[in-house]
Every structure is written in C-alpha cells, then in structure tokens.
1. Run down 327, 357 and say which single residue is touching a His at 6+ places or on another chain (Cβ under 6 Å) and within 19 Å of residue 36 (Cα to Cα).
2. When the residues of the stretch 144-162 are filtered to those that are surrounded by fewer than 18 Cβ atoms within 10 Å (Cβ to Cβ) and either in the same structural domain as residue 369 (by TED's automatic domain parsing) or among the charged types (D, E, K, R) (or both), which remaining residue is nearest to residue 12 (Cα to Cα)?
3. Of all residues in the stretch 316-332, which are surrounded by 19 or more Cβ atoms within 10 Å (Cβ to Cβ) and closer than 19 Å to residue 393 by Cβ?
4. Consider residue 33 against the criteria (1) exposed (fewer than 13 other Cβ atoms within 10 Å of the Cβ); (2) among the hydrophobic types (A, V, I, L, M, F, W, C); (3) in the same structural domain as residue 277 (by TED's automatic domain parsing): it satisfies all of them except one. Which criterion is unmet?
5. Give the number of residues within the stretch 65-99 that are more than 21 Å from residue 169 (Cα to Cα) and touching a Gly at 6+ places or on another chain (Cβ under 7 Å).
6. Is there any pair with a first residue in the stretch 349-367 that is outside the structural domain of residue 339 (by TED's automatic domain parsing) and a second that is outside any helix (DSSP H, G or I) whose Cβ atoms are under 7 Å apart and which are 6 or more apart or on different chains, and what are they?
7. Going through the stretch 376-398 one residue at a time, which ones are more than 13 Å from residue 349 (Cα to Cα) and touching a Ser or Thr at 6+ places or on another chain (Cβ under 9 Å)?
8. Hey, can you tell me all the residues within the stretch 38-93 that are crowded, with 18+ Cβ neighbours inside 10 Å and among the aromatic types (Phe, Trp, Tyr)?
Amino acid sequence: MPAPIFNRRVSAIEESITLAVTAKASEMKSKGIDVVSMSAGEPDFDTPDHIKYAAIKAITEGFTKYTPVGGTMELRKAVAEKFARENGLTYAANQTLVSIGGKHSCYLAVAALVDDGDEVLIPAPYWVSYPDMVLLAGGKPVIMETSTATGLKITPDQLRKAITPKTKMIIINSPSNPSGAVYTKDELIALGDVLKGTGVFVLSDEIYEHLIYEGEHHSIAAVVPELHEQTIVANGVAKAYAMTGWRIGYAAGPKSVIGAMAKIQSQQTSNAVSISQKATLAALTGPQDHLVPWKEEYRTRRNYIVERLNAIPGVLCPKPAGAFYVFPDVSSFYGKSFGGRVIEDSVALTDYLLEEFHVACVPGSGFGAPRHIRLSYATSMAAITKAMDRIEKGLTALS
C-alpha cells in the first residue's frame with residue numbers, strides 16, 4: 001500500500017515537543033527507570049473537592065447529555081461574570097465560548113480569523129503550539145525575537161516595525177509559557193498604543209493569570225479599552241484549579257468572532273464535556289481558598305530552583321515573575337561533551353540529561369529560544385531537589 005499523502009498543512013507542523021518529551025519519560029518510567037519529570041506543565045495538586053463533588057453530582061443527576069455547542073448558559077454567564085469581576089472586562093454571555101481546553105480556545109480564535117497568507121506576530125519565546133496553529137490555518141507565523149535585556153518581552157518599537165499590511169493578529173501570553181515573563185500595565189498600554197487603529201486582532205492567552213509572584217495581572221483589553229473589540233481573551237481552568245484532564249477552556253471577545261469560533265467548534269467537537277462544564281461552574285463560582293497557598297508553594301519552589309540553577313557555573317537563570325516554569329540559558333554547555341557524546345544544542349542537552357541522568361526537561365528550540373531549556377516546578381520539592389542534584393551533576397560532568 002502506498003504511503004498516504006497528507007494535507008500540506010499537516011505536513012508543515014510538528015508534534016508538540018513538550019508532549020514528546022513527556023511520552024519518552026513515561027516510557028522510561030514504565031521500564032523501571034527512576035525518571036524525574038520536569039517537562040509537563042501540570043499542577044501536582046489535586047482538583048479541589050468542591051469541584052469534584054459538583055462533577056459527581058452532575059453524573060448522579062444524569063447531566064450526561066449534549067449541551068449547547070458554546071456551553072451551558074449558566075456557565076457562559078459565569079465566565080462573563082468572572083471576566084468582569086477579575087479582569088475588568090465586560091462581555092455578554094453570547095460573547096463567551098466554552099471549549100475543550102485552553103489550547104482549543106486559542107486554536108479556534110486563530111482558525112476563525114487567520115486566512116491564507118495572513119501574518120500572525122508571535123513573540124519568542126512562545127508556547128510551542130502557537131506557530132503550528134497559525135500554519136494549520138494557512139497563515140504565516142512571524143516570530144519576534146526578544147532578549148534578556150527586555151525581560152524576554154517585546155517592545156513597542158519592535159511591534160511597530162513588525163506590523164505590515166498582511167498582519168492579522170498578534171498573540172500575547174502573559175504570564176508566559178515558557179519564560180514566566182509578565183507584562184506590566186504600562187508595558188501593555190505601550191503595546192496597545194501601537195495596536196490602536198491598526199485593525200490587528202489580539203489573542204491574549206491568560207491561562208496563568210493566577211500564578212504571578214511579582215506584580216499583578218493585567219489584560220490588555222482592560223487597560224487599553226480601544227482594543228476591546230479587537231481582542232480575544234483565552235483562559236481555562238487547567239492551571240489555577242488543577243483541572244488539566246477535565247479539558248475546559250473558555251474565551252471571550254467580539255460577538256462576531258465568538259460566533260465564528262462556535263461555528264468551527266460545532267463541526268469539530270460539538271460541546272465540551274457536560275460533566276466538566278458543571279465542574280467548571282463550581283470552580284469559577286465556588287471557594288477560591290486554594291489559590292493563595294498553592295501560589296505560595298510555587299513561589300517557594302521557584303526560589304529554590306532558581307538559586308540551585310544559578311549556582312551551577314555556566315547557567316544563567318532569571319527569576320520568572322509568573323507561571324510555574326524556569327527558562328535558563330544553558331548555551332555555554334553547547335560544544336562540550338561527555339564520554340564522546342557532544343552537546344550540540346538544546347535538544348542534545350535535554351536528551352543527555354534524560355538518558356544519562358534521568359531528568360526530563362524540554363529543549364528551548366521548541367519555544368523559539370534555542371539557547372534555553374524549560375523546567376517545570378509544578379512538582380514536589382522532593383522531586384525538584386532530586387532533579388537539581390542530577391542536573392548539577394550532569395552539567396558539571398560536561399567538558
């Protein structure tokens with residue numbers, strides 16, 4: 001049988017490098033190897049009980065049928081109320097959409113707006129899926145390089161120069177995966193001043209909004225009101241409520257854009273899981289007591305891992321302001337070797353750490369930042385300590 005000929009857009013994209021590393025680590029674990037995984041962006045905390053009980057109640061009461069494509073009206077209203085309460089953004093329920101995870105929400109926004117040849121500005125480092133989402137829509141990812149001098153954030157002048165007549169969208173992710181960078185209110189206002197009047201849409205991915213250790217979270221559509229009608233805000237419950245497996249994301253934006261996103265969803269997946277919608281309603285409207293202690297635990301882990309990494313000669317690790325990742329510059333180790341094994345780049349380095357020292361990290365090349373690697377501290381202090389001991393040993397063994 002001849003090899004299948006795939007759609008050209010499928011052929012243009014790559015497998016998620018984060019999921020690939022996680023799968024390789026899981027395979028090693030299945031063989032009895034003691035691997036410490038620092039790769040997945042998944043909270044190690046359990047979903048709060050009141051959320052789980054809401055799902056159990058939904059099952060026992062038979063809430064297991066189809067819902068409207070965009071989500072139940074009570075949940076869409078709760079999403080709108082959340083945006084008003086926490087982000088200073090005003091939306092009607094029909095300007096919101098409930099989808100199957102934050103990734104799905106982002107993809108739907110790109111698919112609804114980006115056409116063949118449209119340019120989408122993506123600051124690097126970026127979440128691994130953004131460029132491939134654009135490619136799947138037929139658009140052109142335009143990568144905007146950043147530096148440690150700007151805190152791995154783009155500048156207004158850089159944005160001004162990047163906009164062309166073909167620019168359709170810019171993706172802003174604050175707090176950032178993978179860098180943990182957080183745009184300040186003044187920085188967002190400055191970027192917004194450039195975007196006003198351009199017609200360029202903003203996809204603001206705010207999934208890590210509750211995990212900020214220095215400063216506060218701001219949504220660009222709130223601090224620059226003129227951008228409200230050209231901004232799609234994407235969020236979800238995976239990170240703040242430890243609900244990664246529940247697969248619920250949500251978005252809000254102009255009614256016409258949300259309607260187009262819902263139209264695509266109607267042909268892709270129909271509604272998000274009914275039971276998960278009930279759990280999400282409980283998450284957004286119920287007690288938020290867990291947020292502060294969880295954040296403080298993440299802060300403790302962050303401080304420890306940054307201190308340990310910076311104590312290793314050759315590692316440069318800025319302290320992230322948000323999310324639960326560190327993104328150290330490890331390029332000083334490129335060209336070094338261990339037992340005849342040459343470390344050529346971030347992929348070779350993470351392969352080395354996984355295969356020789358059994359620590360799973362993600363290469364920075366997948367995030368558009370090949371000088372770096374990403375480590376998640378959404379795991380226990382015991383695991384972090386073990387991982388740091390092994391990484392220190394592995395890096396100092398290179399010569």
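1. Just a single option satisfies the conditions, and that option is 327.
2. 145
3. 317, 326, 328, 330
4. Here residue 33 clears every test but (3).
5. Looking only at that region, the number is 2.
6. Close Cβ pairs (under 7 Å, with a partner that is outside any helix (DSSP H, G or I)) do not exist here.
7. 376, 379, 381, 383, 387
8. 83, 91
The values are calculated or read from the model by the stated rules, or taken from the named source; none is laboratory data. In this text the structure is predicted, and so the values were computed from the model without any measurement. Methodologically, a virtual Cβ is constructed for each residue, glycine included, from the backbone with ideal geometry; neighbour enumeration extends over all protein chains shown.
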